[in-house]
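Just so it is clear, none of the values below were taken in a lab; they were calculated from the coordinates. Keep in mind that what you see is a predicted model, and the values were worked out from it rather than measured. Cβ placement follows ideal geometry from the backbone for every residue including glycine, while neighbour counts extend to all protein chains displayed.
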Amino acid sequence: MGVGTCSNCDEPILVGESRSIREIVELVDTVAQSACCVLVEGESGTGKELVVQRLHACSTRKDGPLIPVNCAGVSETLFESQFFGHVRGAFTGAEKSMVGLVRSADGGTLFMDEIGEVPLHIQPKLLRVLQDGQVLPVGTVQTVATDTRFVAATNRDLYQEVLDGRFREDLYYRLNIVRIVLPPLRARLEDLDLLVDHFLDDCARRYKRQVLKVPAVVRQMLSRHDWPGNVRELFSWVERLYATRQDPTVLATMLLADTRRRPASSNAADEIVTLAEAERRAVRAAMTFTNDRVEEAAQLLQVHRSTLSRKLKEYAEN
């Protein structure tokens with residue numbers, strides 16, 4: 001299986017042939033048919049939002065709204081109003097009523113990303129909504145029924161948050177009807193070639209260019225990287241090929257030599273350097289990677305040994 005599809009959704013969103021991805025696709029497509037809560041866990045950049053999109057697109061709610069909310073970005077003082085809504089005059093500045101996120105997703109799915117950031121004093125109220133399907137807007141005593149599916153995601157160990165007293169145990173178990181754990185890219189490197197090809201096609205469309213080629217030797221180099229930013233970091237690397245027009249070998253050697261492990265950025269323009277500087281970095285990275293073995297470094301850079309020796313002499317003199 002290359003790109004996962006299901007009978008109810010046309011847009012493929014999960015790429016991989018590894019056993020872990022096949023099992024996740026099967027679970028997602030099965031769970032999509034119900035309305036139960038789903039908890040998606042995984043490191044940043046592993047594709048949690050794509051799983052949620054698939055859950056919604058393959059469900060009977062696909063024609064309803066899919067509303068994402070980053071819980072970390074909601075002000076603690078406005079959390080209750082943002083989620084559950086409020087009536088006009090409920091508090092200073094409430095000049096008109098607001099339905100809130102939960103009711104905005106009625107008939108569809110509310111995706112609560114970074115669920116661990118929900119304030120403790122709000123968690124009992126969220127639990128009540130999940131259990132009863134009733135929302136109590138701020139400023140009223142009249143509950144309102146809602147038909148909303150709840151999907152939560154986190155890059156933390158949410159159960160450890162429970163043990164540490166930062167997340168309610170009852171809410172954890174209510175959200176954790178079905179738990180989907182996405183593996184990091186380093187744990188499914190057999191999917192790397194498929195992902196690279198998928199991103200090459202995607203970026204070619206974005207940049208309106210022909211699909212670039214990534215040689216086998218470069219793909220082998222990529223498999224040696226531990227990908228702390230996961231699939232998102234890989235996409236950024238592929239996009240950088242199109243944005244900078246630098247040679248894949250150059251960018252791969254720079255990636256492997258980068259010990260700073262800076263967060264992957266989608267702003268590839270920040271990575272543009274002169275060709276001379278790119279060449280110097282590539283040579284330095286290749287020499288570091290091969291422990292200063294000129295013959296091996298030349299093979300890695302796909303140049304003749306004498307060419308590399310000349311370059312090294314030039315750099316030493318300048």
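Expressed in nm², what is the orientationally averaged projection area of the convex hull enclosing the Cα positions of the chain?
Computing the convex hull of the Cα atoms and averaging its projections yields 20.6 nm².
For the chain, what does the relative contact order come out to in percent, with C-alpha contacts under 8 Å and a separation of six or more?
Once normalised by length, the contact order is 17 percent.
Roughly what % of DSSP beta bridges within the chain run antiparallel, to the nearest 5?
Of the beta bridges lying entirely in the chain, close to 25 percent run antiparallel.
For the chain, compute the number of Lys pairs whose alpha carbons are separated by less than 29 Å, excluding pairs fewer than 8 positions apart on the same chain.
Within the chain, the lysine pair count is 7.
Please arrange Thr46, Thr244 by how many other C-beta atoms lie within 10 Å of their C-beta, fewest to most.
Thr244, Thr46
Okay, helix-only estimate at 222 nm for the chain: each DSSP H run of n ≥ 4 adds -39500 (n - 2.57), divide by all residues, round to 500 deg cm²/dmol; what do you get?
-13000 deg cm²/dmol
Give the peptides 181-194, 206-219, 60-73, 225-238 in descending order of average Cβ contacts within 10 Å, highest first.
Highest-to-lowest ranking by the protection proxy: 225-238, 181-194, 60-73, 206-219.
So in segment 3-183, what percent of DSSP beta bridges are antiparallel if you round to the nearest 5?
So the antiparallel bridges in segment 3-183 amount to around 25 percent.
Let me check the size of segment 3-183 from its C-alpha atoms; what are the radius of gyration and Dmax in Å?
16.6, 55
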